[in-house]
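Comments concern the structure below.
Quick note: the coordinates plus some simple rules give every number you see, no bench work behind them. Here the structure is a predicted model, which means the values were calculated and not measured. Using ideal geometry, Cβ is built from the backbone for each residue, glycine included, and neighbour counts are taken over all protein chains shown.
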Amino acid sequence: MKDALGEVQSVLVLGGTSDIGVATANALVGRRTRTVILAARDPRACEQRVEDLRAAGAERVEAVGFDAVDTASHAAFVDEVFARFGDIDLALVAFGVLGEEDDPVELAQVNYVGAASVMNELARRMSDQGHGTIVLLSSVAGERARKSNFMYGASKAGIDAFAQGLGDSLAGTGVDVMVVRPGFVKTKMTAGRDPVPFSTTADEVAGEIVKGLARGAHTVWAPPVLRVVMSVLRHVPRPLFRRLPM
Ligand SMILES: NC(=O)c1ccc[n+]([C@@H]2O[C@H](COP(=O)([O-])OP(=O)(O)OC[C@H]3O[C@@H](n4cnc5c(N)ncnc54)[C@H](OP(=O)(O)O)[C@@H]3O)[C@@H](O)[C@H]2O)c1
């Protein structure tokens, strides 16, 4: 349950080593979140992050095993987390792959299939508890697929649409879905790549997520100016769009 001031008390970060996911958990702990569960393929990789979150003031921080592509385990995984930690106020779906060697199957399995599967299970459990928010890390890349990373963009377009539909289907249950569309964020995912205009940081994205939660937003752009930029780019004719240096 949110506390008396409307702040979330418990957060599940799926993608427990994600720079954006951990930055958001830190920002929330700064606003009185007390329980953080970092779910990662290798929970041992979360040790330092667990220590940092405790040092920041969280009372209970634990790392648990989770693999996005092991969809057969997702129902039991979600049930176990709720059984062990009680109510989960916020689930942050922060895992994802960008794809060094573009592999449409891996991109679709992690970014779309894995995320859709676990969000579906989260929606089921949060509906049962009668409250909760699911936050999906989507991407501006899903707003309009561009030739340089259309496989990643397509996987994000799919999961973005899934999250919007899921949110609408949950209206009246007490469960909300918030879609976050960052542009280029300087994290380990983009290490070695040249930053593009409107590049941002994990802490700045975390700040936009916290603000979005406070106002009950269903969509958050990070930085916010990308909402305007993308609404223009979305309507650029294809022959021109494919010539843009993106
Ligand atoms: N960075 C950007 O420019 C940017 C822009 C827009 C959207 N996003 C999205 O924001 C989210 C977070 O990205 P980030 O920048 O924080 O990147 P990051 O630090 O590289 O985090 C990505 C996370 O995904 C996890 N992951 C990958 N495959 C997984 C699997 N099969 N099962 C479970 N976890 C898996 C990784 O875990 P391991 O430690 O096990 O590898 C890692 O924790 C992603 O969805 C990304 O697509 C990022």
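Observations on the model:
- Positive-end residue, region 98-246 charge dipole about Cα centroid, Cβ charges, pick of Ala202, Leu166, Val232: Val232
- Considering only alpha-carbon pairs that sit under 8 angstrom and 6 or more positions apart, the relative contact order computed for the chain is 18 percent.
- Local electrostatic count, Ala161, Cβ distance below 12 Å [Lys/Arg +1, Asp/Glu -1]: -2
- Sequence-distant contacts, meaning Cα pairs under 8 Å at least 6 residues apart, place the relative contact order of region 1-113 at 31 percent.
- This model, with +1 at the C-beta of Lys and Arg and -1 at the C-beta of Asp and Glu, gives the chain a dipole about its Cα centre of some 1000 debye.
- The shape of the chain can be summarised by an equivalent ellipsoid whose semi-axes, obtained from the alpha carbon gyration tensor, come to 28, 19, 18 Å from longest to shortest.
- Each label point was placed 7 Å from the Cα along the Cα-to-Cβ direction; for Glu7 and Ser148 their separation is 4.0 nm.
- Order of Asp52, Asp102 under a 10 Å beta carbon neighbour criterion, fewest first: Asp102, Asp52
- Gaussian network model of the chain, springs between alpha carbon atoms under 10 Å - residue of Arg34, Arg125, Arg193 with greatest fluctuation: Arg193
- Within the same chain, lysines fewer than 8 places from Lys186 are excluded, and of the rest, those with a Cα less than 24 Å from its Cα are Lys147, Lys156, Lys211.
- Three-way shape label, region 113-160, alpha-carbon gyration tensor, a/c 1.5: prolate
- Rg/Rh (Cα only; Kirkwood hydrodynamic radius) as it applies to region 138-227: 0.99
- Take the Cα of Gln164, step 7 Å toward its Cβ, do the same at Met230, and the gap between the two points is 1.0 nm.
- Residue order for Met178, Met126, Met230, fewest other beta carbons within 10 angstrom first, comes to Met230, Met178, Met126.
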